[in-house]
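The values are calculated or read from the model by the stated rules, or taken from the named source; none is laboratory data. These figures come from a predicted structure and were not determined experimentally. Heads up, the Cβs are rebuilt from the backbone with ideal geometry, glycines too, and the neighbour counts pull from every protein chain shown.
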Amino acid sequence: MRAAIDRRGVLRLTQQELADRAGVSLRTVVSFETYRSWPHARTLGQLERLGLNWPVGYLRELADDVDTEDEGNHRYTSRAKAARIRELEAERERIDAELEELTGDTP
């Protein structure tokens with residue numbers, strides 16, 4: 001799932017490190033990230049809570065937004081895109097504030 005891969009990147013984790021943090025196998029992480037299989041509820045919860053530092057149920061919520069009729073391209077619908085945009089805008093605000101603090105300039 002793209003959101004999980006993106007989150008793993010933000011956390012700067014390899015697939016193996018994510019598997020270790022979540023207490024699951026590397027195969028589980030690879031299968032999930034490549035859309036080969038959806039983990040059981042307990043495993044998914046471990047990936048969310050322990051591995052990705054997300055609340056349990058977050059990935060299921062995102063999965064509900066996947067356009068599965070897009071012939072495997074797994075595009076996300078507007079709700080998931082809007083959530084991601086909000087995350088990025090918050091990150092941009094944090095970075096702008098930090099830049100302003102360091103340089104004394106307003107971006």
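Tabulated results
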{"read-out": "Within segment 24-38, considering residues that are farther than 23 Å from residue 84 by Cα and not small (Gly, Ala, Ser), the one modelled with the lowest pLDDT", "value": "36"}
{"read-out": "Segment 49-107: number of residues that are among the β-branched types (Val, Ile, Thr), farther than 16 Å from residue 38 by Cβ and either assigned to a loop (DSSP other than H, G, I, E, B) or at pLDDT 80 or above (or both)", "value": "4"}
{"read-out": "Qualifying positions in segment 39-63 - over 21 Å from residue 87 (Cβ atoms) and touching a helix residue (DSSP H, G or I) at 6+ places or on another chain (Cβ under 7 Å)", "value": "39, 43, 46"}
{"read-out": "Some residue of segment 1-23 being modelled with pLDDT of 85 or more, touching a strand residue (DSSP E or B) at 6+ places or on another chain (Cβ under 9 Å) and surrounded by 11 or more Cβ atoms within 10 Å (Cβ to Cβ)", "value": "yes"}
{"read-out": "Selection from segment 5-29 of residues that are part of a helix (DSSP H, G or I) and either polar (S, T, N, Q) or in contact with a helix residue (DSSP H, G or I) (Cβ under 6 Å, 6 or more places away or on another chain) (or both)", "value": "5, 8, 15, 16, 18, 19, 21, 22, 26, 28, 29"}
{"read-out": "Filter result (under 14 Å from residue 4 (Cα atoms) and not hydrophobic (A, V, I, L, M, F, W, C)) within segment 22-31", "value": "28, 31"}
